[in-house]
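S.K.: Attaching a single structure in structure tokens format; questions to follow.
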Amino acid sequence: QVHLVESGGGLVQAGGSLRLSCAASGSIRRFDAMGWYLQAPGKQRELVAEILSGGTTTYVDSVKGRFTISRDSAKNTVYLQMNSLKPEDTDVYYCAAVIGGHDYWGQGTQVTVSS
């Protein structure tokens, strides 16, 4: 079993920064991918940023140039550095990992950006 624990969310003014962390624990051999998603009630999950096992990163257009995803393989942790935050970035951010073909999700961390 794999557990993902997110941290780093909070309230910040527009233009500010936050860094989200997602620490994975459990039976982990190798990550296929880790990423951050949004999921509004009644809607499908939306990719924010993803990093593959080989290091390739993908971002949704709205965060390109502002957000950076990175990982520390030794700590089984993925980070999302969020700069130049906008009120429209306000949401619950969920960490996800694909390990051995299985999907795992964290509980989510709230990010609120005030104008």
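The values are calculated or read from the model by the stated rules, or taken from the named source; none is laboratory data. Owing to the predicted nature of the structure, the values given are computational and were not obtained by experimental measurement. Don't worry about glycine lacking a Cβ; one is built from the backbone with ideal geometry, like all the others, and counts go over all protein chains shown. Note: accessible area is taken over every heavy atom of the protein model, side chains too, but ligands, DNA and RNA are not part of it. Shrake-Rupley method; radii C 1.70, N 1.55, O 1.52, S 1.80 Å.
S.K.: Has segment 32-41 got any residue that is over 17 Å from VAL2 (Cβ atoms), modelled with pLDDT under 95 and over 13 Å from the mean Cα position of the chain (by Cα)?
M.R.: Yes, there is a match, as at least one residue in segment 32-41 is over 17 Å from VAL2 (Cβ atoms), modelled with pLDDT under 95 and over 13 Å from the mean Cα position of the chain (by Cα).
S.K.: Out of the residues in segment 78-115 that are small (Gly, Ala, Ser) and out of contact with any strand residue (DSSP E or B) (no Cβ under 6 Å at 6 or more places or on another chain), state the one that is most open to solvent (accessible area, probe 1.4 Å). Please lay out each step first, then the result.
M.R.: So in segment 78-115, the residues small (Gly, Ala, Ser) come out as 84, 96-97, 100-101, 106, 108, 114-115.
Of the ones still in play, those that are also out of contact with any strand residue (DSSP E or B) (no Cβ under 6 Å at 6 or more places or on another chain) are 84, 100-101, 115.
Details: SER84: 61, GLY100: 61, GLY101: 62, SER115: 134 Å².
Within segment 78-115, the match that is most open to solvent (accessible area, probe 1.4 Å) is SER115.
S.K.: Conditions first: (1) closer than 15 Å to GLN107 by Cα; (2) open to solvent by less than 60 Å² (accessible area, probe 1.4 Å); (3) outside any loop (DSSP other than H, G, I, E, B). ALA40 passes all but one, so which condition is the exception?
M.R.: (3)
S.K.: Pairs please, first residue from segment 43-70 and within 18 Å of GLY16 (Cα to Cα), second anywhere and of a type outside the set (Val, Ile, Thr) and part of a loop (DSSP other than H, G, I, E, B), Cβ atoms under 6 Å, 6+ apart in sequence or on different chains.
M.R.: Correct list of pairs: ARG66/ASN83; ARG66/SER84.
S.K.: Quick one: how many residues across segment 21-34 are more than 12 Å from CYS95 (Cβ to Cβ) and either touching a Phe, Trp or Tyr at 6+ places or on another chain (Cβ under 8 Å) or open to solvent by less than 70 Å² (accessible area, probe 1.4 Å) (or both)?
M.R.: Taking segment 21-34 first, the residues more than 12 Å from CYS95 (Cβ to Cβ) are 25-30, 32.
Adding the requirement that they be either touching a Phe, Trp or Tyr at 6+ places or on another chain (Cβ under 8 Å) or open to solvent by less than 70 Å² (accessible area, probe 1.4 Å) (or both) leaves 25-26, 28, 32.
Here the count works out to 4.
S.K.: Of these, SER70, SER84, SER62, which one is of a type in the set (S, T, N, Q) and either in contact with a Pro (Cβ under 9 Å, 6 or more places away or on another chain) or closer than 20 Å to VAL2 by Cα (or both)? Don't jump to the end; show me each part of the working.
M.R.: Values: SER84 fails: either in contact with a Pro (Cβ under 9 Å, 6 or more places away or on another chain) or closer than 20 Å to VAL2 by Cα (or both); SER62 fails: either in contact with a Pro (Cβ under 9 Å, 6 or more places away or on another chain) or closer than 20 Å to VAL2 by Cα (or both).
After applying the criteria, what remains is SER70.
Residues are listed down the side, and each one gets a yes or a no for (1) of a type in the set (A, V, I, L, M); (2) open to solvent by 40 Å² or more (accessible area, probe 1.4 Å):
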{"position": "TRP36", "(1), (2)": "no, no"}
{"position": "LEU47", "(1), (2)": "yes, yes"}
{"position": "SER53", "(1), (2)": "no, yes"}
{"position": "ASN76", "(1), (2)": "no, yes"}
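S.K.: Follow-up question, since we're still on this one. Output the number of the condition that LEU85 fails; it satisfies all remaining conditions of (1) part of a strand (DSSP E or B); (2) in contact with a Ser or Thr (Cβ under 8 Å, 6 or more places away or on another chain).
M.R.: Result: LEU85 passes all but (1).
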